[in-house]
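Notes to accompany the following structure.
The values are calculated or read from the model by the stated rules, or taken from the named source; none is laboratory data. Source: prediction; values computed, not measured. SASA here: full protein model, heavy atoms, side chains in, ligands and nucleic acids out. Shrake-Rupley method; radii C 1.70, N 1.55, O 1.52, S 1.80 Å.
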Amino acid sequence: MGRQKLEIKRIENKSSRQVTFSKRRSGLIEKARQLSVLCDASVALLVVSAPGKLYSFSSGDNLVRILDRYGKQHADDLKALDLQSKAMSYGSHSELLELVDSKLVESNVGVSVDTLVQLEGHLENALSLTRARKTELMLKLVDSLKEKEKLLEEENQALANQCIRGVQS
């Protein structure tokens, strides 16, 4: 006798929903672990429950490392998505210029739209330079922390070896 096919919809009973969430979360984590072991893949899994509790699983690599790798590989896609969503919320370029021009006229500011566009360009350039410098500093910090981690691991290994030699003596 087989199982019935379950209709995928929200479970109304709160306790049933919580039990289902718990069981399915465990099953999902087990499948992620199996995928990692069988295929020698790095797997990162994040699950956030309805009340906002975070559950995570990572295999092999540290969760942060996996997410960093994802971020680096898909940075262009994420930037494009962000720009698309911003563009959709702003409307067309001409509509924006008309809106800015009308706001300038309303506030009696003696600045033209062209001057503001030029100023915006300067600000964007300065922001790009600042972000580039910040990225450079962060990468240097990451490198120095990696070196420190290596040194600490070597020191830990040396201490472990000393402990082993002490026990054997």
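With all protein chains in place and ligands, DNA and RNA left out, the 1.4 Å accessible area ranks ASP61, ASP143 as ASP143, ASP61, largest first.
Estimated at the nearest 10 Å², the accessible area of LYS148 is 120 Å² with a 1.4 Å probe. Taking all protein chains as shown and a probe of 1.4 angstrom, ARG69 keeps an accessible surface of around 110 Å².
Beyond a 23 Å Cα-Cα separation, which of these cross-linked pairs lie in this structure: LYS53/LYS146; LYS72/LYS134; LYS72/LYS140; LYS72/LYS146? If you can, show how the numbers build up before the last one.
Numbers: LYS53/LYS146 30 Å; LYS72/LYS134 16 Å; LYS72/LYS140 16 Å; LYS72/LYS146 18 Å.
In this structure, LYS53/LYS146 lie more than 23 Å apart at Cα.
Annotation: GLU12 carries an accessible surface of approximately 140 Å², with a 1.4 Å probe and no ligand, DNA or RNA atoms counted. Per the Debye formula on identical point scatterers at the alpha carbon atoms of region 16-81, with no solvent, log10 I(q)/I(0) at q = 0.13, 0.14, 0.24 Å⁻¹ is -0.46, -0.53, -1.02. Put simply, the amide H of ASP61, placed in the peptide plane, has neighbours under 5 Å in VAL43, leaving out anything fewer than 5 places away on its chain.
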